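Notes to accompany the following structure.
The values are calculated or read from the model by the stated rules, or taken from the named source; none is laboratory data. The structure presented is a predicted model; accordingly, all values stated were derived computationally and were not measured. Positions of Cβ are generated from backbone atoms using ideal geometry, with glycine treated the same way; all protein chains shown enter the neighbour counts. Protein only, heavy atoms only, side chains kept; ligands, DNA and RNA dropped before computing areas. Shrake-Rupley method; radii C 1.70, N 1.55, O 1.52, S 1.80 Å.
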Amino acid sequence: MAIQKLFVVCFLQLVFAFLLAGLTNAGGLQLGFYRRACPDAELIVHQTLYRYISRDRTLAAPLLRMHFHDCFIRGCDGSVLLGSTKKNQAEKDAIPNQTLRGFNVIDAVKSALEKKCPGVVSCSDILALVARDAVLMIGGPHWDVPTGRRDGRVSIANEALFNLPSPFANITVLKQQFSATGLSVKDLAVLSGGHTIGIGHCTLISNRLYNFTGKGDTDPSLDPIYAAQLKKKCKPGNSNTVVEMDPGSFKSFDEDYYTIVAKRRGLFQSDSALLDDAETRDYVRFQSRTKGSTFAQDFAESMVKMGYIGVLTGKQGEIRKRCDVVN
């Protein structure tokens, strides 16, 4: 009798576990989420995006950054796309996001999807797919993007201002911010490699070049030869000039970023900070030494992981009709 009871209990526990797993998967992200409701969704995203990237490869960096900035605030819910209202200043208008561009690309993709499958594909999924395809189109890796995200209804500028990883951050702060989202120290080192593309504004490195400790000095962690080169481009008070994050290949997704950082030529303090921690430093030196032997695969895996941060699924949130306003 005791054995029979034990068998029944174990069987019921097993059934409950399967039911729970089924519910979890049903309410989560999955590959091919739109294969029935909008089977051409990913193709439409790719074709629409290509029309822009083929004319301007520099769009890839801000589109990748847009997805990153979205996921770090309230999770990957498309909140970075919402516009401000009379009663609320949205994330889009926070200082760290004022240099984002490519919102018109997202709008074009959304418009194309709405024509084919109205009210089906979320803006948050569009951001994730666009980031993947933008990287792919300039020589980066491909990864499968689980979809099924729904769009959030809240966007607050101050949350972006205080919670986005800063170009001025030290390694302790960066590790804390990544950990708070469920990302590891390795993810920090890997996703920093996204700085292999794009540009930085002189205003973000002015103090580093001219007044690092308030005594008119230069950041000693910056290679002096590189610092001298930057000073020729970024004069004191220059707020309009931009410099390449990865000089010579800022339009191509490659592993050069790690070679640059290893030589103490990372543009931002947050880049140089990777040399101040044993784990991130080892990753930088390994990729530099092996010419990025694992970087493409690592980046793909970390991007998928980041894409799960705080997602809304099932009946949470909404599917916006337009990406800049809630329904």
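Every condition in (1) in contact with a His (Cβ under 9 Å, 6 or more places away or on another chain); (2) farther than 22 Å from V311 by Cα; (3) in a helix (DSSP H, G or I) holds for L127 except the one numbered (2). Scanning segment 48-60 for residues that are under 18 Å from G307 (Cβ atoms) and either open to solvent by 20 Å² or more (accessible area, probe 1.4 Å) or small (G, A, S) (or both) yields a single hit, A60.
When you check V304 against the structure, is it open to solvent by less than 30 Å² (accessible area, probe 1.4 Å) and part of a helix (DSSP H, G or I), yes or no? In short, no. In a residue-by-residue description of segment 69-85, the property of being of a type in the set (G, A, S), open to solvent by 20 Å² or more (accessible area, probe 1.4 Å) and modelled with pLDDT of 95 or more applies to at least one position. The one condition from (1) surrounded by 23 or more Cβ atoms within 10 Å (Cβ to Cβ); (2) of a type in the set (V, I, T); (3) touching a Gly at 6+ places or on another chain (Cβ under 8 Å) that I205 does not meet is (3). Of all the residues in segment 241-277, those that are hydrophobic (A, V, I, L, M, F, W, C) and assigned to a loop (DSSP other than H, G, I, E, B) number 5. Tallying residues that are free of Cβ contacts under 8 Å to residues at least 40 places away in the same chain and surrounded by 17 or more Cβ atoms within 10 Å (Cβ to Cβ) within segment 213-239 yields 4.
Residues being without any contact (Cβ under 8 Å) to a residue 24 or more places away in the chain and within 25 Å of R57 (Cβ to Cβ): count how many of those fall in segment 129-177. Total meeting the criteria: 1.
For segment 156-178, filtering for residues that are buried (at least 19 other Cβ atoms within 10 Å of the Cβ) and in contact with a Pro (Cβ under 8 Å, 6 or more places away or on another chain) leaves 4.
Of the residues making up segment 70-120, those that are part of a loop (DSSP other than H, G, I, E, B) and touching a strand residue (DSSP E or B) at 6+ places or on another chain (Cβ under 8 Å) are G75, D77, G78, L82, G83, T99. Of the residues making up segment 240-254, those that are open to solvent by 50 Å² or more (accessible area, probe 1.4 Å) and in contact (Cβ under 8 Å) with a residue 40 or more places away in the chain number 3.
Yes or no, residue by residue, for (1) surrounded by 18 or more Cβ atoms within 10 Å (Cβ to Cβ); (2) within 17 Å of the chain's Cα centre (by Cα); (3) more than 29 Å from L129 (Cα to Cα):
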residue	(1), (2), (3)
I260	yes, no, no
Q269	yes, no, yes
R281	no, no, yes
K321	no, no, no
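Which residues, counting only those in segment 133-155, are open to solvent by less than 20 Å² (accessible area, probe 1.4 Å) and either closer than 18 Å to T48 by Cα or of a type in the set (G, A, S) (or both)? Passing the criteria: D133, A134, V135, I138, G140, V145, G148, G152, S155.
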